[in-house]
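Following: one structure in structure tokens, then a few remarks.
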Amino acid sequence: MSNNARIFFVGGVIAYRALFNWLNPWIFVPTLVVAPIFQVLFFAFLGRSAGLESDRFYVIGNALQIAALPGLFAMTFAISGERWSQTLSPLLASPANRAAVFLGRALPVVANAAFVCVVAFVAGALILRVHIAPGAIPALAVVIAVTSISCTGFGFICGPLGLRWRDAIIAVNLLDAVLLIFCGVNIPIDSLPGWMQAVSEYLPVTHGLRAARRVADGAALGDVSGLILAELAIGLTYAGVGFAWLRHLELVARRGATLENS
Amino acid sequence: MAVIEAIKLRRTYRTTTGVLRRKPLEVEAVRGISFSVERGELFGLLGPNGAGKTTTIKMLITLLLPTSGEARVLGHDVVDDAREVRKRIGYVFGGDRGLYERLSAYDNLRYFAELYGVSGREQRTRIDEVLELVGLKGREHERVEGYSRGMRQRLHIARGILHDPEVVFLDEPTIGVDPVGARDLRRMISDLVAGGKTVLLTTHYMFEADALCDRIAVISRGEIVGAGSPAELKGRVQGGHVTEIEVFGVDDPTVDRLRGIAGVTAVTIEEREQKQVLVVQTSGEHEVTAALLAQLDGFEVGRVASREPTLEDAYVALVDE
Amino acid sequence: MSSLRVLWAGWVTHFKIVSRSPFAIGVGATWPIVNATLAYFMYQAGGSPQTLLYASLGSAVAGIWSMAALDASGAIQRQRFWGTLELLVAAPVKFALVLLPMTIAIASVGIYCLATTLVWGRLVYGIPLPLEHPLAFVLAVPATLVSVGVLGFALCMLLVRFRAASHIGNSLEYPVWLASGLLFPIAVLPAWTHPISWSLATTWGMRALLHGSLGGPVWLDLGMCALLTVVYGAIGVAILDRFLDAARRSATLSLT
């Protein structure tokens, strides 16, 4: 058990560092600061131009979606990034519990997610004058953390893709797009056609976002506990499926020798 | 006039260690290398991995700026006159990379022909010529991603000589290629020289340098530790003897003591499966076998054999100093 | 004359290479559809066919920029990874002539973006494509691709020194979409940002396509695209030698 915990923490930090080792802070910062700010601004202005909803709607929605991204990408990046560095085979060969190893990678990701989320909210406050009541912040933080974890779980689905295809990270880009459209981030869910509404219920972010909007407007954590649990459940389900799929694909990859293809 | 001249070339890399508190680290990859290559020569830079061969060659082909020192190719300075140098040299390196996988060999060659200044009219004929030379004719329209290592290597050579350069630089061209393929590549390389080109080759295969090169410079840890024709280098260890002793689990202090015995010039250990083989070079004057075995008392000793030194031993002696 | 040959050979070669990347094409062709769909939903409330056409064209240009920003800055990275960067630098040609066609080829893949977005808009939402100035519209396509490609080149030059080039490209997507009036008019933005908008090829390319289709000062737009192409090219080339020199000095050429 403690061995798993060590792998979880140590392995996670080292791998994350290794992959970003060649990043210099001058470059890392734009990705974590510039991009989130501009995403929020882009959709806020688009909303204004379309006369749809309020700046507040877009700030909260996009802040949460941005928090979701690191989880989504990091899993795949962790796998296909390592494939690129060709450390993938030795890693899979290690007896370390793979779940612990990969979840360990999730930890810095959640920290990353929290950071970009804060940036987005601060930008929203300073540039768009969208203010969240200080009293709502702790509850909002919880919702964000849960959504981030849930997306990391969702990312588990994408991770195995990295084993099968070389450029899987680009497919994850598309999932990013799906979240933007389906989960109520930029389009209120009741404006979507029926089938899309149904799909959104099974995606991460949807419930977390609903909770976030309510909490930002003053609801207590208890009022949204149902939504939070739903969000968590969805994330964990995807994680479970992803993990099972990962094991299956591992076997296939070993048979088909696609692991080292780049 | 020498075709390639290197004068006290130095190259230092600055790198950092650590993430949060980065400490600068200076690595001296090449420490004052000087040599020259005459027209029509096949010159070898021989040395173990990390010795500085690739760094040296990159300085000569204008990809890296020397930290100090000078180098000239065909009279043009590699720093100030880079463009003139690039027009007249070809660069070939070993390995899988360096080609556009999704394109055919032909498309790759077309592109590089354009970049390296093969005139439009001549491109088609020239490409056919080089494909013929390297034995890839008939397979040029297949995508490179399907090529074997040997084929890729041949394509590299084709690309390197497309613009008919006077000087060709080859960086470990036979690495990872099967023995038959490697032999073919070597024949191609000799043919280049026979055709009037000057070739500088880097390699860590002693037998390759011995077989191909007119002259060799041995590099170790950024410096030239010996130079001359293969015969001259072998001469350094001529008159000497090599004793090979099989041992099981010898330790470092004992090996050091062996080095201290009178007449011993070098001791290296080769790992072969479960046992180690001590390769002891001696100057041939003394009969040292008894002294060697005395030092190995207490260790399990297997076969003891004696032989004449080869270029490999000369190399080892030079590199080990 | 030979410079043009090198540019053409480079464009053909790299366009082929990128076109054969199934994911690059897949994403290049589909992201614009996503943007367009998003915009269609959001504009639904007051969306006239003209607004929706605007959204279509805007999404396509957004896609062209994405290809240029993400892929162009990654182009150097890719060449490094493939081991071909050294060969390109070692060629006795100005590196600008090697890199320019690469970034233009990448932006050119945006032609698929344009095609798929317009087809999608037509099939799914019945958005028509009127052609008030057909010649200008047809010219606007390569004008946009080339000017954005050369902007990509200038961007690349700024990044060629660093190893993490593609990460900057990532963070430039939204800012440029925002400033170029792609999915909403620049008028919505504060006035002080307008000069930034006017200095972007995407802004003028977008306007050229829109005006070519619906009518408006399309020749002014095309003129601006041409002017900006020259300006970006000059900036890129000016920076190039300095940075290449620095790369040779600090030996970042062959490191992956």
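The values are calculated or read from the model by the stated rules, or taken from the named source; none is laboratory data. Only a predicted model underlies this, so the values are computations on that prediction, with no experimental measurement involved. All Cβ positions, even for glycine, are placed from backbone atoms using ideal geometry, and neighbour counts span all protein chains on display.
Residues in region C:68-107 that are among the aromatic types (F, W, Y) and touching a Ser or Thr at 6+ places or on another chain (Cβ under 6 Å): C:F81 only.
Just one of the listed residues (A:R48, A:R56) is within 10 Å of chain C (Cβ to nearest Cβ), in a helix (DSSP H, G or I) and either at pLDDT 50 or above or closer than 24 Å to C:T51 by Cα (or both), and it is A:R48.
What number of residues within region B:197-212 satisfy the criterion of being touching a Lys or Arg at 6+ places or on another chain (Cβ under 8 Å) and either in the same structural domain as B:T310 (by TED's automatic domain parsing) or among the aromatic types (F, W, Y) (or both)? Of the residues in region B:197-212, 0 are touching a Lys or Arg at 6+ places or on another chain (Cβ under 8 Å) and either in the same structural domain as B:T310 (by TED's automatic domain parsing) or among the aromatic types (F, W, Y) (or both). Within region B:252-265, is even one residue assigned to a strand (DSSP E or B), touching a strand residue (DSSP E or B) at 6+ places or on another chain (Cβ under 9 Å), surrounded by 15 or more Cβ atoms within 10 Å (Cβ to Cβ) and on the phi < 0 side of the Ramachandran plot? Yes: region B:252-265 contains one or more residues that are assigned to a strand (DSSP E or B), touching a strand residue (DSSP E or B) at 6+ places or on another chain (Cβ under 9 Å), surrounded by 15 or more Cβ atoms within 10 Å (Cβ to Cβ) and on the phi < 0 side of the Ramachandran plot.
Restricting attention to region B:210-244, the residues that are in a strand (DSSP E or B) and touching a residue at least 60 places away in the same chain (Cβ under 8 Å) total 15. At least 1 residues being within 14 Å of chain C (Cβ to nearest Cβ) is the threshold, and among the strands (runs of 3 or more DSSP E) wholly inside region B:1-113 those reaching it are B:4-17, B:23-37, B:68-73, B:89-93. Examine region C:152-161 for a residue that is buried (at least 21 other Cβ atoms within 10 Å of the Cβ), at pLDDT below 85 and within 12 Å of another protein chain (Cβ to nearest Cβ), and state whether such a residue exists. Yes, that holds for at least one residue.
Within region B:114-142, if we keep just the residues that are part of a helix (DSSP H, G or I) and among the charged types (D, E, K, R), the residue that is farthest from the other protein chains (Cβ to nearest Cβ) turns out to be B:E132.
Exactly one residue out of C:L52, C:L4 is more than 12 Å from chain B (Cβ to nearest Cβ), modelled with pLDDT of 80 or more, surrounded by fewer than 24 Cβ atoms within 10 Å (Cβ to Cβ) and out of contact with any Asp or Glu (no Cβ under 9 Å at 6 or more places or on another chain), and it is C:L52.
Exactly one residue among B:I189, B:I219, B:I224, B:I157 is under 22 Å from B:Y111 (Cβ atoms) and of a type in the set (V, I, T), and that residue is B:I157.
When B:E132 is evaluated against the numbered criteria (1) under 19 Å from the mean Cα position of the chain (by Cα); (2) surrounded by fewer than 18 Cβ atoms within 10 Å (Cβ to Cβ), which criterion, by number, is the only one it fails? So the condition that B:E132 fails would be (1).
It is to be established whether one or more residues within region C:218-237 are assigned to a loop (DSSP other than H, G, I, E, B) and either free of Cβ contacts under 8 Å to residues at least 60 places away in the same chain or closer than 12 Å to C:A140 by Cβ (or both). Looking through region C:218-237, none of the residues is assigned to a loop (DSSP other than H, G, I, E, B) and either free of Cβ contacts under 8 Å to residues at least 60 places away in the same chain or closer than 12 Å to C:A140 by Cβ (or both). Just name the residue that is surrounded by the most Cβ atoms within 10 Å (Cβ to Cβ) out of those in region B:199-230 that are of a type in the set (G, A, S) and out of contact with any Leu (no Cβ under 9 Å at 6 or more places or on another chain). Among those residues, the one meeting the criterion is B:G222.
Return the residue satisfying two criteria in turn: it lies in region B:89-129 and is surrounded by 16 or more Cβ atoms within 10 Å (Cβ to Cβ) and β-branched (V, I, T), and of such residues it is farthest from B:I4 (Cα to Cα). Looking at residues that are surrounded by 16 or more Cβ atoms within 10 Å (Cβ to Cβ) and β-branched (V, I, T), I get B:I127. Of the residues making up region A:174-195, those that are in a helix (DSSP H, G or I) and either over 18 Å from A:E231 (Cα atoms) or in contact with a strand residue (DSSP E or B) (Cβ under 7 Å, 6 or more places away or on another chain) (or both) are A:L174, A:A177, A:D190, A:S191, A:G194, A:W195.
With respect to the conditions (1) touching a helix residue (DSSP H, G or I) at 6+ places or on another chain (Cβ under 6 Å); (2) of a type outside the set (D, E); (3) surrounded by fewer than 17 Cβ atoms within 10 Å (Cβ to Cβ), B:R183 lacks only one, and its number is (1).
The listed residues are C:A226, C:A201, C:A234, and the only one of them that is surrounded by fewer than 20 Cβ atoms within 10 Å (Cβ to Cβ), aliphatic (A, V, I, L, M), closer than 26 Å to C:A115 by Cβ and at pLDDT 90 or above turns out to be C:A226.
Each row is one residue, and each column tells you yes or no for (1) touching a Cys at 6+ places or on another chain (Cβ under 9 Å); (2) under 24 Å from B:R149 (Cα atoms); (3) among the hydrophobic types (A, V, I, L, M, F, W, C); (4) modelled with pLDDT of 90 or more.
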residue: B:K58; (1), (2), (3), (4): no, yes, no, yes
residue: B:L74; (1), (2), (3), (4): no, no, yes, yes
residue: B:E84; (1), (2), (3), (4): no, no, no, yes
residue: B:K87; (1), (2), (3), (4): no, no, no, yes
residue: B:G94; (1), (2), (3), (4): no, yes, no, no
residue: B:Y100; (1), (2), (3), (4): no, yes, no, yes
residue: B:L103; (1), (2), (3), (4): no, yes, yes, yes
residue: B:S119; (1), (2), (3), (4): no, no, no, no
residue: B:Q123; (1), (2), (3), (4): no, no, no, yes
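Quick check on region C:175-195. Is at least one of its residues in contact with a His (Cβ under 9 Å, 6 or more places away or on another chain) and either assigned to a loop (DSSP other than H, G, I, E, B) or of a type outside the set (A, V, I, L, M, F, W, C) (or both)? No, every residue in region C:175-195 fails to be in contact with a His (Cβ under 9 Å, 6 or more places away or on another chain) and either assigned to a loop (DSSP other than H, G, I, E, B) or of a type outside the set (A, V, I, L, M, F, W, C) (or both).
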